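Here the structure comes first, spelled out in structure tokens, and everything after it is commentary.
The values are calculated or read from the model by the stated rules, or taken from the named source; none is laboratory data. Because the structure is a prediction, the values reported are computed rather than measured. FYI the Cβ positions are ideal-geometry reconstructions off the backbone, even for glycines, and counts take in every protein chain you see.
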Amino acid sequence: MKETIKIPFDIYESPNEMVVIMPLWWVAKETLEISIKDYRLIIKWLRKKILLKDDLIPLKEDCYRWEVEQILDLPPQAYFDKIHSKLSPDNILQIIIPKSIVPEKIQLEVERN
């Protein structure tokens, strides 16, 4: 079952890179999967479910869902093969997206036949 809930995240940008910061509470690290498709960053994971007594029946479950997916649009100048990520001990995901530098002006030589 895939949930379409929105996870809060921050994006920071410099001329050289974009950085996405996303808190992933209750995430099982081994289930975290990051991929790129059609200029979009796709982040999927499973949330850990704590063990409870067998006789407890859920009345409401917002915290422990099955698979969760978050999709972010990438800038066209991203170096896709250099994107990398880190997950801190307190489950804060940091995705670093290096950008190609687009010069303001490029001088081209004209070739003569």
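Return the residues of segment 63-113 that are touching a residue at least 12 places away in the same chain (Cβ under 8 Å) and of a type in the set (S, T, N, Q); say none if nothing qualifies.
Those that are touching a residue at least 12 places away in the same chain (Cβ under 8 Å) and of a type in the set (S, T, N, Q): Gln70, Gln77, Ser85, Asn91, Gln94, Ser100.
I need every pair where a residue in segment 43-61 that is within 30 Å of Lys86 (Cβ to Cβ) has its Cβ under 7 Å from the Cβ of a residue that is among the polar types (S, T, N, Q), sequence separation at least 6 or different chains.
Final answer for the pair search is Ile43/Gln70; Trp45/Thr31; Leu46/Thr31.
Go through (1) of a type outside the set (Lys, Arg); (2) under 16 Å from the mean Cα position of the chain (by Cα); (3) within 18 Å of Ile7 (Cβ to Cβ); (4) assigned to a loop (DSSP other than H, G, I, E, B) one by one and return the number of the condition Ile97 breaks.
(4)
Could you tell me whether Pro58 is farther than 19 Å from Leu24 by Cα and either out of contact with any strand residue (DSSP E or B) (no Cβ under 8 Å at 6 or more places or on another chain) or surrounded by fewer than 10 Cβ atoms within 10 Å (Cβ to Cβ) (or both)? Write out each step before concluding.
Values: farther than 19 Å from Leu24 by Cα: yes; either out of contact with any strand residue (DSSP E or B) (no Cβ under 8 Å at 6 or more places or on another chain) or surrounded by fewer than 10 Cβ atoms within 10 Å (Cβ to Cβ) (or both): yes.
The answer is yes for Pro58.
Whether any residue in segment 75-83 is farther than 14 Å from Ile7 by Cα and among the β-branched types (Val, Ile, Thr) is what I want to check.
Just the residues of segment 75-83 that are farther than 14 Å from Ile7 by Cα, to begin with: 75-83.
Checking which are among the β-branched types (Val, Ile, Thr) leaves us with 83.
Yes - at least one qualifying residue is present in segment 75-83.
Of the residues Ser35, Ser14, Ser88, only one is modelled with pLDDT of 90 or more, surrounded by fewer than 12 Cβ atoms within 10 Å (Cβ to Cβ) and under 10 Å from the mean Cα position of the chain (by Cα); which? Please lay out each step first, then the result.
Working: Ser14 fails: under 10 Å from the mean Cα position of the chain (by Cα); Ser88 fails: under 10 Å from the mean Cα position of the chain (by Cα).
When all the criteria are applied, what remains is Ser35.
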